Structures are given as C-alpha cells and as structure tokens.
Ligand SMILES: Nc1ncnc2c1ncn2[C@@H]1O[C@H](COP(=O)(O)OP(=O)(O)OP(=O)(O)O)[C@@H](O)[C@H]1O
Ligand SMILES: [Mg+2]
C-alpha cells in the first residue's frame, strides 16, 4: 500500500533582495526587489510501506523543502500530496502524531533540560502510555547507546550524542513513517555507522518506512534499495542503485597492473586513465561480459594484478547532477543560498 | 491538556533557574521604585489642586508596579522568537499539539516565574521600609487576587500574539518598540492611570492595557470598590479572549504562508 503519494508538487519562495551598499539599502526602503526561487517545480513519486528510500540531490535542489511539505510544516503552492491517506498540512495534528522527523541540522530536544526530561515531555505530548514508554525508551537507548548521557543537559552534548538522542526522540511514539533529513551530517565514522545500522534494523525488523536525505553516498549505498534524485526542484531519476548506474552510463571498471610498460587498448573498453603500468578501463557489462574481457586481457598481455569494480557512487551522482545541470541550462537557476544548509 | 501543563511546568522550572538575573533585576527595580516615589512626592508637594489619588495611594501603586513589572508582555517569548528566527519552529510544527495553545502555556510560565522570583522580596521590603500599604481589606484583597489571575491570562495572550507576530517582522524591531511605548503609557507602568489627563481616559478605559496593572492595583487599594470587581475582571477576560482569537487567526495566516527558515 502506498504510504506516500506525491504528484506535481510545487513550491516557490519569494525572496526580498537586499541591494548592496548604502544607496542600495536606501533604494530598498522605497522599492524592494523580489526574486522567485522555484524550490519544487513539479515533484512526483510514490513510496510503499516498508521501503527505505534515499532522497538525494545537490545543495538547494529541494530535498528539505519536500520533507517539510511531507511533514506538514510547509504548505505547497500546488500539486497533490497524501501521506498515510492524509493531506499533511490540512490535518497537521493527526498527521504528525504518526510520523517521526529528524532534521539533522536542528534539535528537537529542549536546550536547557537533561535529555531524559525532554523525552518525558515528548511522552506527554505524544500521549504515550507510561509502560510502553519505558519499554521503548530502554530499547532505543540500548540500540543507540545513549544511556550514559541521559542526565546531561542537551547543550553539553557532542554533536554525535545529540544526533543519536534526536533519533531516539523521533521514535518514542513508534511512528510507522520516518523522515531523516541529513541525520549523519557532521558525525564521525563510528557515530555514522551506529545511526546507519540502527536505521537499517528499524526498517528490516519493524518495517518502518524511511525517507532518508543525505549527502553521504555511503549512507545511500549501505541502506537504500531505492534512490530518488531531485535536481532544481524536479525528479531526475528514480530507481535502484543499479538503475542509477545505468542511467549515469559510467559502466564498470577494470584496473590492470601490467608487468611492462606497453600499450593496452581493447576495442570494447575505454581507457579512463593510465599511470605508468596501471591502466584503468571502463566497459559496459551488458555488452561485454567481464569474464570475457578479463580472459582476453590476460591472454594478450603480461598482467601482474587485475581487479574489477563498480565506480564509486559519488562519481555516478556527480555525473547525474552534472547531466541535470546541462539540461537545466535554459531555465533560470536558483542562486547559491546564503545559509550553509 | 496534560501536554500543555507539562510544557508549562518545564518552562517554569527552567525559568526559575535564572536566580542571579532575578537578584540583579530586583536591585534595579528597587532603585527605580525609589526614584519614582521621590518624583511623585515632589510633584504632590508642589501641586495645589486636588488629585484623583492621594500620595500614599500613589506610593503603593508604584511599589506594586515595581514588584509585578515582569508580568507585562514587554516582548515575545524569547524562545519562540528564537525558534522562528532560526527555523527550529519546524520542530514545534511536527508535534501533535495546537501551536497557539503551546505558546500560550509557555507564555504563562514566562509571565509568572520571573515575577515569582522577584516580587516576594520586593513586597516585603517595600511594605516594611518604603511605605507601601497593605490591601484595603479582605474583600479588596480577594478581588485583587482574582484580578491578578486574569492579568496573567491577559498578559500571556498578548505575549503569544507578539510571538506569532515574529513570523511577520523577522527583521524589524519596529513593532516591539511601539509595544513598549504603548505598554508604558497605557498600563500605568510609568504614571498611575488615574493621574493621566481627562481627555485620554475614555481610550484608556477601552483598551486592554489597563488590565495588566491598573485594574488589580486599584482593586487592591480599594480605589475601585469590590463591587466593581466583576466588571473590571470581565473587561480583562473579554480582552483575553479577543487577543487569543486574534493570535490564533494570525498564526493560521502565518502557517499558510510560513517560511521555515533554513534547510
Ligand atoms: N525559507 C526560504 N526562503 C527562501 N528560499 C528558500 C527557503 N527555503 C528554501 N529556499 C530555497 O529553495 C530551494 C530548495 O531548498 P532546500 O532547502 O529544499 O534544498 P536542499 O535540497 O535541502 O539543499 P541542501 O542539500 O543544501 O540541504 C533553494 O534554492 C533555497 O534557496
Ligand atoms: Mg536540506
């Protein structure tokens, strides 16, 4: 059953432009100039129950805007959007009682309270029964390993500790649908792994539907069976990682270390780079089976070492983003944003 | 309801932590109280005509003002203001509660906790040393207590309205300085309202601001008889309801076009 249905979603922001300098400021008093940013220009996708979807795109693509609309925080200008059968912004209170949201760059914990008191407040707000709360809290605290910081005021937590506590906070009411907007931003490797592993288990074991926004392609590779790419407010690609690879047309890689410095240029592969005796070739695994290519190379050349790999997902994504850029050339591009988010 | 009470309690407890600030504020308020009493004493010594209030009444009024100054809705709830500026209001919106109700609960804490920290020592000091009188009798005392509760409600409603207005005045401070001016003049915070000129009195009587200080104080001193309490408190509550409705209306509008700042 579809948990999320989005069709032709649109949202524009009107930004008052400040002019530079004193004269500009004076002119601004008289007449303000406005600039329209088309954050969502007709976004559409569906998400079924139990899916774990990666939602990626370059800075300013519209990811957070989409999440805000789905979470009932932002009213779009047009299009259809239903989450669990509800229109988020029309039935905000009923809607948000059944979803969990983590905005990685913010915290929903009360700054000057110890963590556990924030959790208690959330228990009251979501009307979770005391018994259930105990059980859930214990499980979450164990899974995310935050037992040691429960009595610490939030302002004293490290980023990683805070983020894990925020994830706990978002799940105390056991939502069936979870939005994670950059949950691993700024985390060190162990903290990232902990959050990642937790999200994986949440999805596998509890069947929680997860929409994950991130710039960390390792997150995507580790977690997501499906990836939706948004660029300039439009969906540019929607499918599995393999589908993404195909779309980007970057093929597979074969890296060959030759014994001698000799030319190597098979007809059905492209030389990507060559450094001394190391040659990197790209080929299309559908047209050229890897085994045949490897066999031919080892027969015709003296090879010391050889391995086949998928190109790093960063490269695929860079290729996809660039492609969308090329297509979007004709349209006015949103300017770079001032805030770092 | 439990949720709102919990929010109120959390906020209230957090605010009670600011004891050092309260102590400093107490000293300032005592100082200004003394200055104001001196000014009024000089004024009464030099004026010949009959005044609508006696000097001892004015002195009591001044000390009550100093004790309850923090109850006035001087500015939006600083936390809510910060939430809106930073975009963290996003998280307020993903909670299954009525946002205006939530902010009202916080505003009640905001308008009571700091007062609680300051008013008791202030009243004891003013009563024993600086010539503040007690309530005019048991009935005026009761009327004062009831009216003071209505004051908290009224002040919280105004605070919540100001908080909501932050959505529209993200950068401008204009509105807030206007509010401070109006509050100072129209609530009796600077000059007891009975001493204001005759021509402005009709306006003062209609506006909500007298309910923030003047109404409970005059009930306390018996300057308004206890029989008038019903009408006086009615005025406070009517305005509370109107301001809550205005706040809700404005918030609904804000949320339609709201722009949550930042990614
Ligand atoms: N409150 C706002 N006011 C004006 N413009 C906004 C606002 N919020 C977002 N935008 C604009 O909408 C576009 C999409 O922003 P959004 O935050 O959705 O991007 P994002 O995909 O989350 O980017 P990032 O990866 O940097 O977080 C951007 O061009 C941004 O400038
Ligand atoms: Mg974002």
Degrees, to the nearest 10: A:115-125 long Cα axis against longest axis of chain A: 70 degrees
Peptide A:112-120, shielding by other chains (average Cβ, 10 Å cutoff): 2
Volume per residue that the Cα convex hull of the range A:158-245 spans, once the total is divided by residue count, Å³: 106 Å³
Chain B: angle of helix B:19-46 to the longest principal axis, Cα-based, in degrees nearest 10: 40 degrees
Residue order, fewest to most surrounding Cβ atoms within 10 angstrom, among B:34, B:193, A:157: B:34, A:157, B:193
Inter-chain Cβ neighbour average for residues B:4-16, partner chain, 10 Å: 3
Beta bridges per DSSP with both ends in the protein assembly as shown, % antiparallel, nearest 5: 70 percent
Mean separation of Cα contacts under 8 Å, 6 or more apart, over the residue count of chain A: relative contact order %: 19 percent
Relative contact order [Cα under 8 Å, 6+ residues apart], chain B, whole percent: 28 percent
Fully extended contour minus Cα-Cα distance, from residue A:225 to residue A:274, at 0.36 nm per residue: 14.3 nm
Modelled FRET efficiency - R0 25 Å, residue A:193 with residue A:306, Cβ distances, 0.05 increments: 0.20
Gyration tensor (alpha-carbon) shape descriptor, the range A:65-135, a/c threshold 1.5: oblate
Label-zone membership for the range A:135-160, site residue B:82, 7 angstrom Cα→C-beta point, backbone N under 18 Å: A:152-159
Global form of the range A:252-309, assessed from the alpha-carbon gyration tensor, a/c cut-off 1.5: prolate
Counting DSSP beta bridges with both ends in chain A, the antiparallel % (nearest 5): 70 percent
Estimated 222 nm signal from helices in chain B, with DSSP H stretches of n ≥ 4 weighted -39500 (n - 2.57), rounded to 500: -23500 deg cm²/dmol
The range B:2-257: radius of gyration and largest Cα-Cα distance (Dmax), Å: 18.8, 63
Ascending count of other beta-carbon atoms within 10 Å, so fewest first, for A:237, A:224: A:237, A:224
Efficiency of FRET between residue B:182 and residue A:127 - r from beta-carbon atoms, R0 56 angstrom, step 0.05: 0.90
Burial ordering of A:102, B:89, fewest other beta-carbon atoms within 10 Å first: B:89, A:102
Semi-axis lengths, Å, the protein assembly as shown, gyration tensor of Cα atoms, sqrt of 5 times eigenvalues: 64, 25, 21
For the range B:129-245, the Rg and Dmax computed from alpha carbons only, in angstrom: 15.3, 49
With Cα atoms, 0 to 90° folded angle of helix B:99-128 axis to chain B main axis: 30 degrees
MRE, 222 nm, helices only [DSSP H, n ≥ 4, -39500 (n - 2.57), over chain A, to nearest 500]: -10500 deg cm²/dmol
Additional length obtainable on full extension of the chain from residue A:12 to residue A:206, 0.36 nm per residue less Cα span: 66.2 nm
Approximate shape of chain A as ellipsoid semi-axes (Cα gyration tensor, √5λ), whole Å, largest first: 41, 29, 20
For a label point 7 Å along the Cα-to-beta-carbon line of residue A:90, residues of the range A:50-76 with backbone N under 13 Å: A:76
Rotationally averaged projected area of the range B:41-177 (alpha carbon convex hull; nm²): 11.4 nm²
Whole-Å distance, taken between Cα centres, linking the range A:251-304 and the range A:44-107: 46 Å
Sites residue B:129 and residue B:55, calculated FRET efficiency, Cβ-Cβ separation with R0 22 Å, nearest 0.05: 0.80
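Read-outs: derived from the displayed coordinates by stated rules, not from any lab. Just so it is clear, the model here is predicted, and its values are computed rather than measured. Don't worry about glycine lacking a Cβ; one is built from the backbone with ideal geometry, like all the others, and counts go over all protein chains shown.
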